[in-house]
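Here is the structure we will look at, set down as structure tokens.
What follows is calculated from the coordinates using simple rules that are stated; it is not laboratory data. Since we're looking at a predicted model, the values are computed, not measured. Counting neighbours? That spans all protein chains shown, and the Cβs are built from the backbone with ideal geometry, glycine included.
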Ligand SMILES: NC(=O)c1ccc[n+]([C@@H]2O[C@H](COP(=O)([O-])OP(=O)(O)OC[C@H]3O[C@@H](n4cnc5c(N)ncnc54)[C@H](O)[C@@H]3O)[C@@H](O)[C@H]2O)c1
Ligand SMILES: [Zn+2]
Ligand SMILES: [Zn+2]
């Protein structure tokens, strides 16, 4: 099969790898029909994590079940499914909360070394009853892809930001995750949202759903717009020292900072005393993907939550190097790129 691989020189290549084998009696093989590039894939390219051998990447997949283990009860060959980007054993107390991050055997993310990558013709899915979801009626491919990761992440970021009804929220980073967080935050009661990004056309995209565009760093503009108080809640959808600094400078005393942007391996110098004196709540979250599905799917189906305009382009899997060049440009024309195997 073909798979997108990042090598130790940090080049993206489409390679031929052996077809994956069924990962045990509770596993399944999915033929990927659509996949996408996430900001998390870009961390590998940007050198945030060491790579000592080529890594098959990608963790967002929609496809068709082509093989099932003997213990698979919920799916059959031919079923159209989406795959949670985060995987758990599906059997432990942690997984029973529907949050694979809490798996006592240790959660794993597809395409980050241990599990296969979703940017491939085929994907081996362990504990498939837990990781797979039959694509629900009325959910299109773009929505299904966003349910595997970015929408679940934006939704969790907003839920964990404790948004007061009528409150003011700053979303730092207007990539696909930030755009999903903005739409989620409005649905959860935000009256005013500041979309902070250095790329003008990306923040302008957020104004289409009612946010105010703010150049990065946003703190001074946000303080000026809130009588010096700052935002009730700040969502960091970037994950750098600069975005965390801006988030802490933008938040009001007693507010909540909800971080979903993934930081590099270097420690962040948290101003602990200031956070304490200002009674801040800080939450950091890896998306509890499966837990978000019962909330997000009816909202999408009912048209109460729209993800229109988040995907900006589609390329064949064979053009993955070009798709990665587009994604890493972080232009507004390439907010989120879909790949078709
Ligand atoms: N926690 C999770 O479960 C989870 C899931 C998916 C993605 N992520 C992470 O979320 C982050 C965003 O993902 P994405 O797909 O939207 O990526 P992206 O790279 O497309 O978006 C990041 C955006 O942040 C902007 N930015 C950079 N520095 C900034 C700054 N100092 N202030 C404001 N904006 C700044 C960029 O211009 C870009 O628009 C990544 O770190 C990714 O790894 C986390
Ligand atoms: Zn991701
Ligand atoms: Zn588990």
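If you line up the long axis of helix 176-187 against the longest principal axis of the chain, both from Cα atoms, how many degrees apart are they, to the nearest 10? Roughly 60 degrees, rounded to the nearest 10.
Expressed to the nearest 5 percent, the antiparallel share of DSSP beta bridges inside the chain is 55 percent. For the stretch 271-326, the orientation-averaged shadow of the C-alpha convex hull comes to 7.9 nm² (one quarter of the hull surface). Dimensions of the stretch 182-341 based on its C-alpha atoms, expressed as ranges along the principal axes with the largest first, amount to 52, 38, 30 Å. Geometric descriptor of the stretch 86-172, per residue, is 154 Å³ (volume of the convex hull of the Cα atoms).
Between residue 53 and residue 266, the FRET efficiency from the beta-carbon distance, with R0 = 22 Å, is close to 0.45. Here's the picture: a label point sits 7 Å out from the Cα of residue 105 along the beta-carbon direction, and within the stretch 58-93 the residues with their amide nitrogen under 11 Å of it are 88-92. Between residue 318 and residue 279, residue separation times 0.36 nm minus the direct Cα-Cα distance comes to 9.0 nm. The rule of thumb for compact globular proteins, 2.2 N^0.38 Å, goes into the C-alpha radius of gyration of the chain 0.97 times. Can you give me the C-alpha center-to-center distance between the stretch 106-127 and the stretch 265-341, rounded to a whole angstrom? What the calculation gives is 18 Å, centre to centre. Put a dot 7 Å past the Cα of residue 207, heading toward its Cβ, do the same for residue 16, and the two dots end up 5.1 nm apart. The modelled label-to-label distance between residue 306 and residue 70, using points 7 Å beyond Cα along the C-beta direction, is 5.1 nm.
Highest GNM mean-square fluctuation, the chain, Cα pairs closer than 10 Å: which of 193, 310, 297? Sorting by GNM fluctuation, first place goes to 297.
With contacts taken as Cα pairs under 8 Å and at least 6 residues apart, the stretch 57-105 reaches a relative contact order of 29 percent.
Short to long, the 10 Å bins of the Cα pair-distance histogram for the stretch 172-214 hold 36, 58, 6 percent of all pairs.
What angle, in degrees between 0 and 90 and rounded to the nearest 10, separates the Cα long axis of helix 241-250 from the longest principal axis of the Cα atoms of the chain? Long axis of 241-250 versus the principal axis of the chain: about 40 degrees. Principal-axis analysis of the Cα atoms of the chain puts helix 320-329 at an angle of about 10° to the longest axis.
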